[in-house]
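The values are calculated or read from the model by the stated rules, or taken from the named source; none is laboratory data. What you see is a predicted model, and the numbers here were worked out from it, not measured in a lab. Here the Cβ positions follow ideal geometry from the backbone for every residue, glycine too, while neighbour counts run over all protein chains shown. Note: accessible area is taken over every heavy atom of the protein model, side chains too, but ligands, DNA and RNA are not part of it. Shrake-Rupley method; radii C 1.70, N 1.55, O 1.52, S 1.80 Å.
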Amino acid sequence: SHAKSVEPAFKERSRILQRARLEAMQILGSAREEFVDSTLAQIRTQLAETRTNKSHPQILQRLTEEALAELKESMTNSGMVQLEADPKDQVVLEGLLQDIGLNHSIKYILDCWGGLIVQCEDGQIVVINTLEARLERAAPYLRSFLAALFENKDTEVEISHVDEMQLMSI
């Protein structure tokens, strides 16, 4: 009888605790998404400003070498290679190609943060190696990493600098 009289209170307590746990999980999930989104926004901002970074020529060189190597691996013959780049990279890219002894046709038609697109003469094989494309390919891994970082952090973490050269390894 006493047990029967307190049973409704126990059920109500259980419902309240379950609702509180659910709300806490929603708040935590929302905070995690906000952390991930704001960090990715910071990364986008930094990548968009890569040309102002003194390491931009090295980044462009690495993007170029990787794209050309990937294209060469896929090509069966040694046909012409066409490059597309942003006009803002013209001086650096032409100097770079001259330094490494390449004389490829370049169209300056892209509007990107840096990088280039290379393709074989017939357009059958295309390698897109712009910073935007790199970030897009890396985003799922970054999201997982940042979510795990959020879950495991004891103190507030703020990513104030992303090393572009580390992003290149993705």
Excluding residues on the same chain fewer than 8 positions from Lys72, give the lysines whose Cα lies under 24 Å from its Cα. Lys107
Labelled set [x] 93, 35, 23; [y] 52, 37, 33; [z] 52, 34, 31; Cα extents along the principal axes in Å computed from this model equals the value at [x]
Highest-fluctuation residue, Arg143, Arg21, Arg134 considered, GNM on the chain with Cα pairs under 10 Å: Arg21
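From the helices alone, meaning DSSP H stretches of at least four residues, give me the mean residue ellipticity at 222 nm for the chain, per-run term -39500 (n - 2.57), in deg cm²/dmol to the nearest 500. The partial results should precede the final answer.
Numbers: 5 runs with 103 residues, N = 170.
The per-residue figure over the chain is -21000 deg cm²/dmol.
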Compute the relative contact order of the chain as a whole-number percentage, counting only Cα pairs closer than 8 Å that sit 6 or more residues apart in sequence. 25 percent
Can you tally the net charge around Leu116? Count Lys and Arg as +1, Asp and Glu as -1, for every other residue whose Cβ sits under 14 Å from the Cβ of Leu116. -4
Taking the solvent-accessible surface of protein heavy atoms with a 1.4 Å probe, what is the per residue accessible area of the chain in Å²? 65 Å²
For helix 56-74, what angle does its Cα long axis make with the longest principal axis of the chain, in degrees from 0 to 90 and rounded to 10? 80 degrees
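Got a number for carbon plus sulfur as a percent of the chain's accessible area, 1.4 Å probe? Each step should come with its number before you reach the end.
Values: 5820 of 11020 Å².
Carbon and sulfur atoms account for 53 percent of the accessible area of the chain.
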Rounded to 10°, Cα long-axis angle of helix 131-152 versus longest principal axis of the chain: 30 degrees
Would you tally the net charge around Leu102, using a Cβ to Cβ cut-off of less than 12 Å, leaving Leu102 out, and scoring K and R as +1, D and E as -1? -2
